[in-house]
Structures are given as C-alpha cells and as structure tokens.
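**Student:** For reference, the structure I am asking about is given below.
The values are calculated or read from the model by the stated rules, or taken from the named source; none is laboratory data. Values in this document were obtained by computation on a predicted structure and should not be read as measured data. Methodologically, a virtual Cβ is constructed for each residue, glycine included, from the backbone with ideal geometry; neighbour enumeration extends over all protein chains shown. What goes into the accessible areas is simple: the full protein's heavy atoms, side chains included, and nothing from ligands, DNA or RNA. Shrake-Rupley method; radii C 1.70, N 1.55, O 1.52, S 1.80 Å.
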Amino acid sequence: RKFYAEIFQAATNGRKLLAILIDPDKFIEAETKLYLKKLPKQTTHIFVGGSTVENFKTEKTVKAIKAETDLPVILFPGDYSQITETADALLFLSLLSGRNPEYLIEQQVKSVEKLKNSKLEIIPTAYILIEGGKECAVQRVSGTKPIPQSEVTSVVNTALAGQFLGKKLIYLEAGSGADFPVSEEIIAEVKKAINIPLIVGGGIRSLEQQEKAYKAGADMIVMGTQFEN
Ligand code: 1GP
C-alpha cells in the first residue's frame, strides 16, 4: 500500500479523511479492543505520537493497535525516539512555524540511523503551529511560538514555503486540547494557495467544528483529546 498516494487521491477526489490520534503515554494496551471499538466509524487513519513519550511505549502501542485493525497506523512523533518500524508510515515533520533548529532539522538528522534501512513510508510534512488559546505541549517542548490566528498571510506563506521545499503534506496544528481550533479563514486561505493535501488538528471537539474545517478545505482532520475523553 502506498499511504501518501491514498491521502493524495482522497484529497483530489474530495473524500474527507479522519485521523484519530493516540498518545502512547495515555494508552492502555489491555484496552486496545475497547479503544478501537469506540473509534468513530468515519475513521480512516490512526496517528500515534505525543510530545514526550517513554522509550518503547510507541512501539508497544503500534503493535497492539496493528494486531486489532487494518486501518493505516501513521507515526506522528514528538521526537526521533518515537520512530518505530512497526508502523505503516511516518509523518516526517519539520516545525516550520518555529525558529528552533532542533525541530527544523536536528531531530530529522538524528532519525536517519533509524530510517536509512527502514521500510516505513516517509512522508515529508510541513508542521505549522498556530495559536489555539492556551500554551500547548508543542510550544512548551519546542520552545517556539505559534503563529497568531490574525496573521493569515504569514500562515499561508509558511505553508507555501513548505510546499516549495518539497513537503508532501501541510499540517496546521492548534495544539492538543486547544481552546479553539484553526480558523476557517486560515484553512480556506491555505487550501487555496497549496496543491498538496491539508491536515488540520487541535481543539476540534464537535461534529460541527469538524464540518466547518472540512468545508473550509481541510482534507484530513485529526482528533485526539475528544476521543480520549
Ligand atoms: C493533533 O494535536 C492534535 O493535531 C490533536 O488535538 O487533542 O485537541 O484533538 P486534540
């Protein structure tokens, strides 16, 4: 299976995607079946990752999930230690909204030893942090500032810079548990500017918020906190 090709195809055809994010730190292996049973039926992907995760916890989580479902399991790692061969694909993130070289390139270099002989599908992803109310984990861990929601042009230009750099996905992130999600205006303007699939996550709780994000132009929505609850 070609996981990026599937996402690209869906985005081209206007088929909306829903990824549920599982944080290995909060995941209880013994409850895998129950977890998966409770997934919304529209779920198309499972993302696994967190800002800080204990060693080997990601691998255990991915294995447990893969044993119970055929949904693609895609790594969404907070750092290179979370990379595990047991997943299907990897969002190879670069935090383009920030100016911390550690998350722009250093983590990526550190991950190479793990990746150079790997079968994981690597998907270059521009990760853009946008203000979502309270300080989020990405902000804390990366020591970078999110782009204010009022700076629409700055978000659009960052996304386009990502596309010009060769990223295959643009990921607009308001932060896990954000007070408010990325605005429809930002989603619409970014979508208009780029020609690669657009992922939106952070602070999306209701069906109504989901619908709004899809209508504005999100190809894939990521939900974590709401599902955990
Ligand atoms: C993934 O961080 C998000 O982009 C998930 O956010 O936990 O707020 O759904 P929530």
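**Student:** Keeping the other protein chains in place, figure out the carbon and sulfur percent of the accessible area of segment 113-193, with a 1.4 Å probe.
**Tutor:** In segment 113-193, the share of accessible area belonging to carbon and sulfur is 52 percent.
**Student:** OK, next. Amide H of ILE22 versus every other amide H placed in the peptide plane: which residues, excluding those fewer than 5 positions away on the same chain, fall under 5 Å?
**Tutor:** PHE47, VAL48, GLY49
**Student:** Output the peptides 152-165, 30-43, 47-60 sorted from most to least packed, where packing is the average of other Cβ atoms within 10 Å over each peptide's residues.
**Tutor:** 47-60, 152-165, 30-43
**Student:** Another question, if that's okay. Looking at the square roots a ≥ b ≥ c of the eigenvalues of the Cα gyration tensor of the chain, which shape do they give, rounded for a/c under 1.5, prolate if a/b is larger than b/c, or oblate? Walk me through the intermediate numbers first.
**Tutor:** Numbers: a/c = 1.38, a/b = 1.19, b/c = 1.15.
Note, shape of the chain comes out rounded.
**Student:** A further question follows. At 7 Å along the Cα-to-beta-carbon direction for both PHE8 and ARG205, put a label point, then send me their distance in nm to one decimal.
**Tutor:** It works out to 3.8 nm between the two label points.
**Student:** What is the chain's relative contact order, in percent, from Cα pairs under 8 angstrom and six or more apart in sequence? Could you put the intermediate results ahead of the total?
**Tutor:** Values: 464 pairs, mean separation 42.2, N = 229.
Relative contact order comes out at 18 percent.
**Student:** Still on this structure: Return one whole number: the accessible area per residue of the chain in Å², for a 1.4 Å probe.
**Tutor:** Using a 1.4 Å probe on heavy atoms only, each residue of the chain averages 48 Å².
**Student:** Please report, in debye to the nearest 20, how large the charge dipole of segment 3-228 is about its Cα centre when each Lys and Arg carries +1 at its beta carbon and each Asp and Glu carries -1 there.
**Tutor:** Dipole about the Cα centre, nearest 20: 340 debye.
**Student:** Then there is this: Taking the Cα centroid of segment 177-229 and of segment 41-117, what is the distance between the two, rounded to the nearest whole Å?
**Tutor:** When both Cα centres are located, 20 Å separates them.
**Student:** Moving on. Quick check on packing: order 73-79, 206-212 by the mean number of other C-beta atoms within 10 Å, highest mean leading.
**Tutor:** The densest-packed peptide leads the list: 73-79, 206-212.
**Student:** Just want the answer: with Cβ charges of +1 for Lys and Arg and -1 for Asp and Glu, which residue in ALA5, VAL112, LEU21 is farthest toward the dipole's positive end in segment 3-228?
**Tutor:** Checking the options against the dipole of segment 3-228, the answer is ALA5.
**Student:** How much solvent-accessible surface does TYR4 expose, in Å² to the nearest 10, with a 1.4 Å probe and all protein chains in place?
**Tutor:** Answer for TYR4: close to 40 Å² accessible.
**Student:** Label-point separation (nm) for ASP25 and VAL152, each offset 7 Å from Cα along Cα-to-Cβ?
**Tutor:** Once both label points are built, they end up 3.5 nm from each other.
**Student:** Mind ranking 175-185, 9-19 by how tightly packed they are, going by the mean number of other C-beta atoms within 10 angstrom, highest first?
**Tutor:** So the peptides 175-185, 9-19, ranked by packing, come out 175-185, 9-19.
**Student:** Using θ = phi - 60° and the Karplus relation 6.51 cos²θ - 1.76 cosθ + 1.60, list the HN-Hα couplings for segment 94-100 in order, rounded to whole Hz, with x at every Gly or Pro.
**Tutor:** Rounded to whole hertz, the list is 10, 7, 6, 6, x, 10, 9.
**Student:** Please list TYR127, TYR80 in order of solvent-accessible area, largest first, computed with a 1.4 Å probe with all protein chains present. Could the numbers behind the result be given before it?
**Tutor:** On the way: TYR127 20, TYR80 85 Å².
I get TYR80, TYR127, largest accessible area first.
**Student:** Toward the positive end of the charge dipole of the chain, about the Cα centre and with charges on Cβ (Lys, Arg +1; Asp, Glu -1), which of PRO148, ILE74, SER206 goes farthest?
**Tutor:** The residue sitting most towards the positive pole is ILE74.
**Student:** Under the Karplus relation 6.51 cos²θ - 1.76 cosθ + 1.60, θ = phi - 60°, what is the ordered set of whole-Hz ³J(HN,Hα) values for segment 27-39, x standing for Gly and Pro?
**Tutor:** 8, 10, 3, 4, 9, 3, 4, 4, 3, 5, 5, 8, 4
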